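Input: a single structure, listed below in structure tokens.
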């Protein structure tokens with residue numbers, strides 16, 4: 001059998017394999033993830049807007065723990081701190097009306113970093129693929145109202161969540177790349193970076 | 001002659017049938033449509049009793065929450081649970097499937113209308129900060145834009161680079177409260193909120209509570225439809241259990257006493273004719289029947305059945321023949337019907353729609369019952385004479401003649417209790433809510449940080465611009481206020497200020513510096529800059545208010561007669577001092593619907609207190625003309641004594657009374673007067689038949705309505721208690737022999 005035939009047979013086999021549906025796929029991803037009581041790391045956020053020639057980029061550090069919630073410290077180009085704790089979102093110490101954006105972000109991060117994937121499958125229909133080294137998922141909002149704003153959220157990772165992309169129906173999108181992920185020292189991370 | 005009587009006897013039922021058909025035909029021709037049953041308490045009250053702007057505002061405030069349902073779930077899987085709850089409610093018809101989409105579309109439409117005028121739209125707080133500390137404002141906005149929360153703000157940058165419009169829109173939109181829980185707001189469709197439909201909501205709610213418990217979730221629900229559903233469901237359950245038990249006992253009693261299926265059927269026919277006739281005539285005259293008038297009218301059973309019982313009980317006397325017909329009872333029946341019909345009909349003259357309906361219902365119903373007995377019984381109740389009463393009633397009455405001092409003693413006994421009575425005009429006392437719903441309400445109010453407050457603010461001004469400015473001034477005083485027209489359309493003055501401020505920043509270069517710092521090309525914001533330099537075209541309320549606004553927004557009531565008005569809901573978090581400051585503003589008033597209804601209840605009660613003696617005077621006049629003043633006094637003494645004793649007992653047991661207790665006196669007085677008239681007019685040999693008839697009447701009424709006293713709904717149990725105690729006293733007193741009458745002469 002030539003190499004070409006072998007490749008064709010493998011592709012055919014791959015097509016014949018049953019595709020994993022949402023819950024099974026999430027379960028498989030959950031099996032690969034490493035969960036920690038607290039997770040911390042660095043991020044780079046890029047916002048691609050149709051009316052701007054270059055993305056709006058910010059970077060900083062974050063921490064996520066059951067006690068302190070999500071702390072999102074932007075360090076460049078400005079310095080600001082967003083927190084989401086017990087469902088309350090603050091920016092620089094002031095509660096903000098965020099139309100659910102902060103809670104959605106905390107939900108996704110908790111889902112993949114704390115293993116609370118039930119919340120993900122409740123809010124989104126899930127599709128995607130598993131590769132030996134990494135996985136990638138596409139989350140489509142179930143809530144019709146959310147679907148009018150967000151068309152899809154793509155997430156990618158290995159043992160940790162590494163990358164998130166939020167695609168809006170307007171054509172704009174936001175990507176967040178995580179790096180230097182590590183188990184958070186709860187005391188230190190609760191105090192912020 | 002007998003042949004003529006025979007012919008008249010056979011023609012009478014045909015005449016009755018003709019009357020029924022005529023009434024039915026009229027009802028079909030003049031049927032008012034689906035809104036024939038009124039349940040709104042306000043409809044019972046005189047229209048002029050409420051300021052028209054207050055009435056409009058009350059209606060608008062009620063409409064804003066009457067269909068709303070708020071569900072909260074907390075715990076793992078809360079969002080999925082609420083989604084399932086939503087699907088179940090939609091499937092059962094208790095939630096509009098596209099409510100959220102409709103509301104979102106309404107907000108989008110509102111945004112599209114605002115967009116051409118967006119540069120003039122800003123909150124007062126943003127305007128103040130931008131004017132006093134532009135750099136502070138820019139820093140705050142820049143931090144927001146670079147945070148994960150900045151997405152929606154960034155999208156709007158080309159037309160709203162300062163984020164003023166977005167901030168203004170966010171302030172107007174209802175914001176979900178923050179917390180680790182999931183919330184779902186639904187709207188129960190208007191078609192599902194009526195009787196016969198809404199009651200299914202409460203069992204569904206209980207089912208959801210059970211589902212949540214099994215999934216270890218906290219689940220709470222809040223909304224007026226839930227309370228309505230509970231009220232209707234518990235009312236129906238009580239009607240089935242209490243009504244079923246009393247009906248069974250009632251039928252057994254009648255069969256025991258009358259021992260004739262035909263007698264039983266005829267009695268039910270008379271009662272049915274009474275209720276049907278009352279209902280039909282009230283609907284024909286008023287084009288609407290209020291639920292309370294219907295309930296009170298249904299107490300006609302007591303009096304209507306009376307007429308049948310007297311006829312049937314007299315047929316049990318020795319020597320009775322079918323040919324006797326109405327003879328032995330005609331005078332009593334006619335006098336009783338005349339006094340009751342005239343008495344109740346006089347209520348129509350009072351200026352209260354509720355009392356007018358009740359009076360019409362009862363007068364028409366009694367007339368129909370009376371005519372039914374007169375037209376049907378002589379022809380249809382032609383049974384073989386039995387010649388014996390039930391054993392208990394075969395002897396002459398046991399009690400002696402009532403001495404005058406006895407009446408005085410009864411009054412003295414009742415008086416201390418009556419003097420203890422205090423008027424209680426509290427609407428909330430009429431209804432009962434299950435503990436579960438009350439607990440949900442408290443939990444939700446605590447989580448959402450605001451109490452349910454039925455109060456609201458009513459604002460009035462000479463024109464639209466003044467009204468908007470007044471709202472803006474009020475919002476400065478009470479920052480917690482949400483809603484209002486000015487939250488969608490600022491006053492022209494405020495829009496002018498906002499634009500002037502941005503022009504100033506443009507001239508100073510600060511605005512261009514800000515735009516450049518974001519990396520925004522000038523071309524991207526060219527429309528915005530052009531609009532800023534163009535002549536100012538403020539957004540007007542007229543353009544916006546022509547559209548259907550999202551639920552909970554707006555609050556404009558209209559302009560009429562040189563007055564423009566709006567209403568704003570009052571958050572439970574506003575303290576009394578803040579409120580006093582707000583009310584001190586010109587043209588601002590706090591409206592308290594519950595207090596307003598309580599005041600009207602008090603007014604109604606006062607009218608009833610005047611109306612009852614007037615009613616007694618009308619009846620006394622008829623009796624005086626027919627029987628002389630001494631007999632009139634005696635006949636009135638029985639209902640008065642029964643009412644006094646009932647109220648005296650109420651005084652000792654509870655110490656307070658309401659309009660409900662007074663209205664219950666209407667049927668009690670009617671029945672008691674019947675008792676007295678028949679006792680007074682009956683001949684000595686027919687007294688046992690009269691006592692049997694009044695006993696049957698009292699017992700059937702006690703069974704039918706006295707059992708309402710066991711209802712879990714305070715307004716129904718209160719009504720039931722008053723009828724039961726009044727009838728019991730009337731029945732006990734009627735055993736005392738009346739003063740000399742025709743019976744003694746016989």
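The values are calculated or read from the model by the stated rules, or taken from the named source; none is laboratory data. Just so we're clear, the structure is a prediction, and the values are computed from it rather than from any experiment. Note: ideal-geometry Cβ built from the backbone for every residue, glycine included; neighbour counts use all protein chains shown.
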Evaluate the following for residue B:70: is it crowded, with 19+ Cβ neighbours inside 10 Å, in contact (Cβ under 8 Å) with a residue 12 or more places away in the chain and either more than 30 Å from residue B:141 (Cα to Cα) or within 12 Å of chain A (Cβ to nearest Cβ) (or both)? no
Is it the case, given these coordinates, that residue B:335 is modelled with pLDDT of 80 or more and either buried (at least 24 other Cβ atoms within 10 Å of the Cβ) or under 18 Å from residue B:269 (Cβ atoms) (or both)? no
Unique residue being facing chain A (nearest Cβ under 10 Å) and modelled with pLDDT of 90 or more when the list is B:152, B:158: B:158
Residue check: is residue B:136 within 30 Å of residue B:516 (Cβ to Cβ), more than 10 Å from every other protein chain (Cβ to nearest Cβ) and surrounded by fewer than 19 Cβ atoms within 10 Å (Cβ to Cβ)? yes
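Condition check ((1) touching a strand residue (DSSP E or B) at 6+ places or on another chain (Cβ under 7 Å); (2) within 18 Å of residue B:644 (Cβ to Cβ); (3) surrounded by fewer than 23 Cβ atoms within 10 Å (Cβ to Cβ); (4) modelled with pLDDT under 85) across all residues:
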site: B:702; (1), (2), (3), (4): no, no, yes, yes
site: B:715; (1), (2), (3), (4): no, no, yes, yes
site: B:727; (1), (2), (3), (4): no, yes, no, no
site: B:735; (1), (2), (3), (4): no, yes, yes, yes
Under 19 Å from residue B:443 (Cβ atoms) and over 34 Å from the mean Cα position of the chain (by Cα): which single residue out of B:156, B:179, B:210, B:151 fits that description? B:179
Residue identified as at pLDDT 90 or above, over 30 Å from residue B:269 (Cα atoms) and either in a loop (DSSP other than H, G, I, E, B) or within 32 Å of the chain's Cα centre (by Cα) (or both) among B:398, B:458: B:458
Candidate set from the stretch B:56-77 (those that are touching a helix residue (DSSP H, G or I) at 6+ places or on another chain (Cβ under 8 Å) and in a helix (DSSP H, G or I)); member that is farthest from residue B:444 (Cα to Cα): B:58
More than 9 Å from chain B (Cβ to nearest Cβ), buried (at least 21 other Cβ atoms within 10 Å of the Cβ) and in contact (Cβ under 8 Å) with a residue 12 or more places away in the chain - does that describe any residue in the stretch A:157-172? yes
Restricting to the stretch B:271-295, name every residue that is touching a strand residue (DSSP E or B) at 6+ places or on another chain (Cβ under 7 Å) and crowded, with 19+ Cβ neighbours inside 10 Å. B:279, B:282, B:283, B:289, B:290
Residues of the stretch B:86-99 being within 29 Å of the chain's Cα centre (by Cα) and outside any loop (DSSP other than H, G, I, E, B), in sequence order, are B:86, B:88, B:89, B:90, B:91, B:99
Select, from B:528, B:604, the only residue that is within 14 Å of chain A (Cβ to nearest Cβ) and either out of contact with any strand residue (DSSP E or B) (no Cβ under 6 Å at 6 or more places or on another chain) or without any contact (Cβ under 8 Å) to a residue 60 or more places away in the chain (or both). B:528
When residues of the stretch B:195-207 are filtered for being crowded, with 16+ Cβ neighbours inside 10 Å and either farther than 18 Å from residue B:69 by Cβ or in contact with a strand residue (DSSP E or B) (Cβ under 6 Å, 6 or more places away or on another chain) (or both), how many remain? 1
Within the stretch B:482-496, tally of residues that are over 22 Å from residue B:568 (Cβ atoms) and touching a helix residue (DSSP H, G or I) at 6+ places or on another chain (Cβ under 7 Å): 0
Counting only residues that are within 14 Å of another protein chain (Cβ to nearest Cβ) and part of a helix (DSSP H, G or I), how many does the stretch B:499-525 have? 8
Quick one: which of A:133, A:180, A:138 is loosely packed, with under 15 Cβ neighbours inside 10 Å, in contact with a strand residue (DSSP E or B) (Cβ under 7 Å, 6 or more places away or on another chain) and at pLDDT 85 or above? A:180
Could we say that residue B:80 is at pLDDT 85 or above, surrounded by fewer than 16 Cβ atoms within 10 Å (Cβ to Cβ) and either part of a helix (DSSP H, G or I) or within 14 Å of chain A (Cβ to nearest Cβ) (or both) here? no
Select from the stretch B:147-169 the residues that are part of a loop (DSSP other than H, G, I, E, B) and either touching a residue at least 60 places away in the same chain (Cβ under 8 Å) or crowded, with 20+ Cβ neighbours inside 10 Å (or both) and list them in ascending order. B:147, B:157, B:158, B:159, B:160, B:161, B:162, B:163
Of the residues B:645, B:623, B:585, B:638, only one is touching a residue at least 12 places away in the same chain (Cβ under 8 Å), on the phi < 0 side of the Ramachandran plot, over 29 Å from the mean Cα position of the chain (by Cα) and part of a loop (DSSP other than H, G, I, E, B); which? B:585
Looking across the stretch A:81-99 at residues that are touching a residue at least 12 places away in the same chain (Cβ under 8 Å) and farther than 21 Å from residue A:38 by Cα, the single one that is farthest from the other protein chains (Cβ to nearest Cβ) is A:93
Among the numbered conditions (1) touching a strand residue (DSSP E or B) at 6+ places or on another chain (Cβ under 7 Å); (2) more than 17 Å from residue B:181 (Cα to Cα); (3) within 9 Å of chain B (Cβ to nearest Cβ), tell me where residue A:59 comes up short. (3)
The one condition in (1) surrounded by 18 or more Cβ atoms within 10 Å (Cβ to Cβ); (2) within 14 Å of chain A (Cβ to nearest Cβ); (3) in contact with a strand residue (DSSP E or B) (Cβ under 8 Å, 6 or more places away or on another chain) that residue B:541 fails to fulfil: (2)
Selection within the stretch B:85-99 - at negative phi and either touching a strand residue (DSSP E or B) at 6+ places or on another chain (Cβ under 7 Å) or in contact (Cβ under 8 Å) with a residue 40 or more places away in the chain (or both): B:85, B:86, B:88, B:89, B:92, B:94, B:95, B:96, B:99
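One line per residue, one yes/no per condition, for (1) assigned to a loop (DSSP other than H, G, I, E, B); (2) facing chain A (nearest Cβ under 9 Å); (3) at pLDDT below 95:
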{"position": "B:104", "(1), (2), (3)": "no, yes, yes"}
{"position": "B:115", "(1), (2), (3)": "no, no, yes"}
{"position": "B:128", "(1), (2), (3)": "no, no, no"}
{"position": "B:145", "(1), (2), (3)": "no, yes, yes"}
{"position": "B:171", "(1), (2), (3)": "no, yes, yes"}
{"position": "B:175", "(1), (2), (3)": "yes, yes, yes"}
{"position": "B:191", "(1), (2), (3)": "no, no, yes"}
